[in-house]
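Student: Submitted below is the structure of interest, expressed as structure tokens.
The values are calculated or read from the model by the stated rules, or taken from the named source; none is laboratory data. Given the structure is predicted, the values throughout are model-derived calculations rather than measurements. Heads up, the Cβs are rebuilt from the backbone with ideal geometry, glycines too, and the neighbour counts pull from every protein chain shown. Just so you know, the surface numbers come from the protein's heavy atoms only, side chains and all, with ligands and any DNA or RNA stripped out. Shrake-Rupley method; radii C 1.70, N 1.55, O 1.52, S 1.80 Å.
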Amino acid sequence: MADRRRINGPVGTTIPPIYDDASEKKSEGVKTTRSRPANVIRKMYLKTGVTPSASGSAYLEIESSGNGGSGLKLSCSVHGPRALPRSTPFSPHIILSTHVKFAPFATKQRRGYIRDPIERDLGTHLEAALRGSIIADRWPKSGVDIIISIVEGEQDRETSKAQGIEAWDTMNALSGCITVASAALADAGIDCVDTVAGGVAALVQDAGDDAAPSIVVDPIPSEHEKVLAACCIAYLPTRQEVTNLWFKGDLPASDMDLYSQLVEKGIQASKSANWVLVDCLNETVG
């Protein structure tokens with residue numbers, strides 16, 4: 001009688017599979033360049049009401065760069081406003097709770113089921129961006145939960161690792177989270193002072209160390225030689241207010257004009273995303 005607890009190996013010899021190194025393959029290939037103008041963002045698709053069980057929901061998809069990588073796909077659901085438990089201390093304004101999570105299959109490196117520091121950082125920045133747009137005094141002792149699932153993230157992580165920082169892809173994800181969360185809040189009927197949208201601008205260097213850096217909106221690390229600095233802005237176009245500003249990079253502190261230009265380009269990217277947001281909401285109402 002055969003021992004069922006014993007795992008028998010294969011009868012013949014086998015050769016283990018050998019996979020190509022993505023970084024070596026990328027270095028041997030042709031370097032991709034940016035095909036869009038410096039002040040144009042990628043095309044995006046936005047739709048509300050995708051989750052019937054939630055108070056409000058939205059889905060955002062940003063096209064890929066066209067070099068074999070993938071774009072960004074986000075799904076947001078809003079639950080509330082709803083009454084807080086009796087044990088919760090009294091709050092004169094609404095309590096906002098944000099939760100951002102990458103799907104395990106969203107990136108090349110498989111994500112875990114527990115939120116990592118990057119996802120918690122995204123949730124903190126998202127909460128700060130949305131808090132400035134919601135009229136919180138309308139719902140005392142109430143809470144609202146905003147849950148964002150990043151179904152597909154930026155796949156080009158090798159370029160970010162080669163440059164020594166992975167925040168460039170994270171900023172693009174944050175700008176998408178802000179835009180899709182604003183659409184979901186409007187779908188839930190939560191009063192806001194304005195529609196907030198996210199935008200990213202970056203200082204890049206393309207033709208080597210001797211070339212002068214330039215500022216572009218909606219950057220993709222694989223399309224540039226080096227990303228020197230970047231900022232993600234949440235902007236209210238009607239009130240002309242910035243609710244959140246996240247800057248990362250290395251710029252000379254004496255050149256304040258460069259900081260101002262970077263922020264202005266980020267605001268321009270936010271306005272472009274806000275046009276898509278407003279058109280989507282007009283179609284929903286109409």
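Student: Looking for something in contact with a Pro (Cβ under 9 Å, 6 or more places away or on another chain), surrounded by 17 or more Cβ atoms within 10 Å (Cβ to Cβ) and touching a residue at least 60 places away in the same chain (Cβ under 8 Å) - is there at least one such residue anywhere in the stretch 230-237? If you could, list the steps in order and put the result at the bottom.
Tutor: Of the stretch 230-237, the ones in contact with a Pro (Cβ under 9 Å, 6 or more places away or on another chain) are 230.
Still in the list and also surrounded by 17 or more Cβ atoms within 10 Å (Cβ to Cβ): 230.
Those left that are additionally touching a residue at least 60 places away in the same chain (Cβ under 8 Å): 230.
Yes.
Student: Answer yes or no as to whether residue 132 is closer than 22 Å to residue 235 by Cβ and in contact (Cβ under 8 Å) with a residue 12 or more places away in the chain.
Tutor: Answer is yes for this residue.
Student: Mind listing just one residue for me: the one in the stretch 264-285 that is of a type outside the set (D, E, K, R) and open to solvent by 80 Å² or more (accessible area, probe 1.4 Å) and, of those, nearest to residue 203 (Cα to Cα)?
Tutor: If we filter the stretch 264-285 for residues that are of a type outside the set (D, E, K, R), which is where we start, we get 266-270, 272-278, 280-282, 284-285.
Among the residues that remain, those that are also open to solvent by 80 Å² or more (accessible area, probe 1.4 Å) are: 275, 282, 285.
On the way: 275: 24, 282: 34, 285: 38 Å.
In this case the residue turns out to be 275.
Student: Taking the stretch 244-257 only, how many residues are surrounded by 17 or more Cβ atoms within 10 Å (Cβ to Cβ) and either touching a Ser or Thr at 6+ places or on another chain (Cβ under 6 Å) or modelled with pLDDT under 90 (or both)?
Tutor: Going through the stretch 244-257 one residue at a time, the tally reaches 0.
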